[in-house]
Amino acid sequence: MHIHEAITTRRSIPLVTEQAIPTEVIEEIIEAGTHAPNHFRTEPWRFFVLTGEGRSKLGKVFGEITQAEQTDPQSEEARKKIERSRNNPLRSPVVIAVGAEPSDGNRVILQEEFAAVHAAVQNMLLAAHGHGLGAIWRTGAICYHPKVTAFFNLSNEGEIVAFLYLGYPDMEPKPIERTDAKQLTTWID
């Protein structure tokens, strides 16, 4: 598949099967992430692959965070939210958590470290698409919670910036309309 075709046909795929993904495919997806541009070659990305019970361990943390946020954790509504949070990592057979661990070099700009990790995530999404996998990049407030940072043993400056849910598609993505790039571009001569 030509790179332009990969970019224009990649879609977020939230529904996937439980079919296992070969380890070498997961490793190739992560390798694609490491080829993202990064200023001063700091390589600020960190990758955490969750499969099997690893997903439940993350779900336990999600459940604890959600429970702590409830005014009445014993209410039916709160229990449903907690259970939904706990089950979120089970939506796909593989979850790759992508973290940013910024360098403390004196010339390093924090925004560039996070930009590099975001570029790594896009490389990974394209690599997953190239392998015929469905993938979706999930975040939300829970992603940036200190308990999540601690679960992945990141520093105080580090953060998880993406949960990539991967699996073989169990849906056909709908075509989407994009604004023509010409409408979003200003040429300055």
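The condition (being within 19 Å of P14 (Cβ to Cβ), at pLDDT 95 or above and either more than 12 Å from the chain's Cα centre (by Cα) or not charged (D, E, K, R) (or both)) is satisfied by just one residue among I176, I188, I142: I142.
On inspection, V98 fails the criterion of being under 18 Å from E31 (Cβ atoms), among the β-branched types (V, I, T), in a helix (DSSP H, G or I) and at pLDDT 95 or above. Look at segment 104-128: where a residue is touching a residue at least 60 places away in the same chain (Cβ under 8 Å) and more than 17 Å from I30 (Cα to Cα) and a partner is polar (S, T, N, Q) and not in a helix (DSSP H, G or I), sitting 6+ places away or on another chain with Cβ atoms under 9 Å, you get G105/T42; V108/T42; E112/N38; E112/T42; E113/N38; E113/T42; E113/S103. Among residues of segment 73-84 that are closer than 11 Å to G63 by Cα, those with a Cβ under 7 angstrom from a residue that is among the hydroxyl-bearing types (S, T, Y), sequence gap 6+ or separate chain, pair up as K81/T66; I82/T66. Scanning segment 103-120 for residues that are surrounded by fewer than 18 Cβ atoms within 10 Å (Cβ to Cβ) and either touching a Leu at 6+ places or on another chain (Cβ under 8 Å) or not in a helix (DSSP H, G or I) (or both) yields D104, G105, N106, R107, V108, I109. In segment 121-139, which residues are in a helix (DSSP H, G or I) and hydrophobic (A, V, I, L, M, F, W, C)? Result: V121, M124, L125, L126, A127, A128.
Screening L166 against (1) in a helix (DSSP H, G or I); (2) in contact with a helix residue (DSSP H, G or I) (Cβ under 9 Å, 6 or more places away or on another chain) leaves a single unmet condition, (1). For segment 76-95, check the following and say yes or no: at least one residue is surrounded by fewer than 18 Cβ atoms within 10 Å (Cβ to Cβ), outside any helix (DSSP H, G or I) and modelled with pLDDT of 95 or more. No, that holds for no residue.
One line per residue, one yes/no per condition, for (1) of a type outside the set (A, V, I, L, M); (2) outside any loop (DSSP other than H, G, I, E, B); (3) without any contact (Cβ under 8 Å) to a residue 40 or more places away in the chain:
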| residue | (1), (2), (3) |
| --- | --- |
| M1 | no, no, no |
| E24 | yes, yes, yes |
| I30 | no, yes, no |
| V49 | no, yes, no |
| E53 | yes, yes, yes |
| S56 | yes, yes, yes |
| T66 | yes, yes, no |
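Counting only residues that are assigned to a helix (DSSP H, G or I) and free of Cβ contacts under 8 Å to residues at least 12 places away in the same chain, segment 4-22 holds 3 of them.
The values are calculated or read from the model by the stated rules, or taken from the named source; none is laboratory data. Worth saying up front: this structure is predicted, and the values here are computed from it rather than measured. No Cβ is skipped: glycine too gets one built from the backbone with ideal geometry, and neighbour counts run over all protein chains shown.
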